[in-house]
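The values are calculated or read from the model by the stated rules, or taken from the named source; none is laboratory data. Every value quoted in this text rests on a predicted model; they were computed, and no experiment measured them. Here Cβ is always computed from backbone atoms with ideal geometry, including for glycine, and neighbour counts include all displayed protein chains. Note: areas computed on protein heavy atoms with side chains; ligands, DNA, RNA excluded. Shrake-Rupley method; radii C 1.70, N 1.55, O 1.52, S 1.80 Å.
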Amino acid sequence: MGSNQFPLRFFLDPFGCVKNQVDAETMMASLNGAGWSVAEGAADADLIIINSCGFIESAKQESINAVLGWRKMYPDKKILLAGCLAQRYAKELAESLPEADLLFGNADLSGIVKAVVNLAGSSDTVAPPMGNEEENAGGLAGKRPLLSLPGSAYVKINEGCNNRCTFCSIPLIRGPLRSRSIPDVLAECRELLGRGIRELCLIGQDIGSYGKDFSGADSLLQGSLLPKSLLPDLLEALSELEGDFWVRLLYIHPDNFPLPILDIMERDKRFLPYFDLPFQHGSEKILAAMNRRGTAETYLSLIETIRSRLPGAVLRSTFLLGFPGETDEDFQALLDFQDKARLDWAGCFAYSREEDTPAYSMKNRVSKKLTAERKRIVEDRQAGISEKQMDRFVGRELDALVEEAVDEEEGLYLGRLYCQAPEVDGAAVINSDWNLAPGSMVRGRVIGRAGFDLELRI
Ligand code: SF4
């Protein structure tokens, strides 16, 4: 890159979910390795990279607006549109979005340096075939800058998804399930812990499916026709690592919950009893139309199993409102499920009609107005449930990961407890007589609750 026309500074505008965040970190590591440096702001950059989201309509629009906004502000700078939107609509956007100089999909991030070099020549579209996850993630271990909160890092253990929920465009964008090997994930976790990371958040579209893409032969040998999740094997391997750290498991499709992970979590308390299980609905009819195998009964039974095995378990979920065919009765089934499940946290999403998904052509669409109304009802009820659920932590002594010094003079800090995942749940408001370093772990007593947040006294 030294002889290239643009071996200079880039600015990355990150969008979307935490999986996109890990992609952004991976691209930054590759570009850093090729001699580019990160600019403090877009004004100082020679190249602006927009890491787009293409999952739902509103996110698509936001990504396009970002391109238009940056272009208006900087007519002469190079703009590269990366991420899910660029992958999904590479051809269409190449024609309709001339404000972007280059489109670079996220199927194989190892090509980012080449794509950026292309910018020196002409406008182009790069939507590569699906790449190898180990090259994308593990190959850069040790070089990846972290965009996550202090002390915490996301570790992507698999990419893509084979579940084919009928509303979801992710398999169209991210492709089929591809898992990294256990030694590869282990090496990355070891390296992150060596850098002082105290919380490893394992992510993937559905980490309950981890390893099913290469466990088929073994499962057959063991007499099963179904590929087996290797998540328990991965946790066993991580359990061998020494040190005091947290492992947080994010996004397990409830139909794919590998029960043996509970044995490991009972034994090794470093695996946080925090579960993000996207149930999506409580109506059997709607769940079936979504191509999900579970029912409200099986999901409640899973919740019961988890809570009885791990009494401190904290559960987060997501609900999708306004799926085609959702009647008042179906909505009521979701409310009943919400009451019985008493989830600690839940996020609500309005159904977005996505091209090329099976749900796109489903009949009996629900109006945006009714969807928004139902979403608001579920959110309001959940706010009360979440606050009540958090009350059970008051009076307990717990570890907290410090994230930010708000006012050192006053001894006021922000952090998180095990019941609070990064960026999505409430926070721990920490009062301390000692100076606390962001990224460090401290222990204190929960003395109260304010809204969704818990107050901790050190
Ligand atoms: S599990 Fe379903 S919702 Fe999640 S990424 Fe896969 S297809 Fe999409």
Open to solvent by 30 Å² or more (accessible area, probe 1.4 Å), modelled with pLDDT of 95 or more, in contact with a strand residue (DSSP E or B) (Cβ under 8 Å, 6 or more places away or on another chain) and aliphatic (A, V, I, L, M), is that true of VAL429?
yes
Are any of the residues in segment 35-47 in a helix (DSSP H, G or I), modelled with pLDDT of 85 or more, open to solvent by 10 Å² or more (accessible area, probe 1.4 Å) and farther than 27 Å from LEU249 by Cα?
yes
Out of segment 259-297, which residues are without any contact (Cβ under 8 Å) to a residue 60 or more places away in the chain, within 16 Å of the ligand (Cβ to nearest atom) and either in contact with a Phe, Trp or Tyr (Cβ under 8 Å, 6 or more places away or on another chain) or polar (S, T, N, Q) (or both)?
LEU277, PRO278, HIS281, ILE286, GLY294
Taking segment 181-215 on its own, how many of its residues are in contact with an Asp or Glu (Cβ under 7 Å, 6 or more places away or on another chain) and acidic (Asp, Glu)?
1
Count, please, the residues in segment 60-90 that happen to be in a helix (DSSP H, G or I), touching a strand residue (DSSP E or B) at 6+ places or on another chain (Cβ under 7 Å) and either open to solvent by 80 Å² or more (accessible area, probe 1.4 Å) or touching a residue at least 40 places away in the same chain (Cβ under 8 Å) (or both).
5
Within the bounds of segment 440-449, is there any residue that is among the small types (Gly, Ala, Ser), surrounded by fewer than 18 Cβ atoms within 10 Å (Cβ to Cβ) and within 26 Å of the chain's Cα centre (by Cα)?
yes
Kindly list, by first and then second residue, each pair from a residue in segment 195-217 that is open to solvent by 10 Å² or more (accessible area, probe 1.4 Å) to a residue that is assigned to a loop (DSSP other than H, G, I, E, B) and of a type in the set (D, E, K, R), limited to pairs with Cβ atoms under 9 Å and residues at least 6 apart or on different chains.
ARG198/ASP244; LYS212/LYS228; GLY216/LYS228
Among the residues of segment 157-182, which ones are hydroxyl-bearing (Ser, Thr, Tyr) and near the ligand (Cβ under 10 Å from one of its atoms)?
THR166, SER169
Listed by first then second residue, the pairs whose first member lies in segment 153-172 and is modelled with pLDDT of 95 or more, whose partner is within 8 Å of the ligand (Cβ to nearest atom) and assigned to a strand (DSSP E or B), with beta carbons under 8 Å and at least 6 positions apart or on separate chains, are CYS165/GLN280
Counted residues in segment 285-302 being of a type in the set (Asp, Glu) and buried (at least 16 other Cβ atoms within 10 Å of the Cβ) come to 0
SER229 vs (1) open to solvent by less than 30 Å² (accessible area, probe 1.4 Å); (2) within 24 Å of GLN420 (Cα to Cα); (3) more than 17 Å from the chain's Cα centre (by Cα): all pass except (2)
From ASN51, ASN20, grab the single residue that is open to solvent by less than 20 Å² (accessible area, probe 1.4 Å), closer than 29 Å to LEU200 by Cβ, in a strand (DSSP E or B) and of a type outside the set (A, V, I, L, M).
ASN51
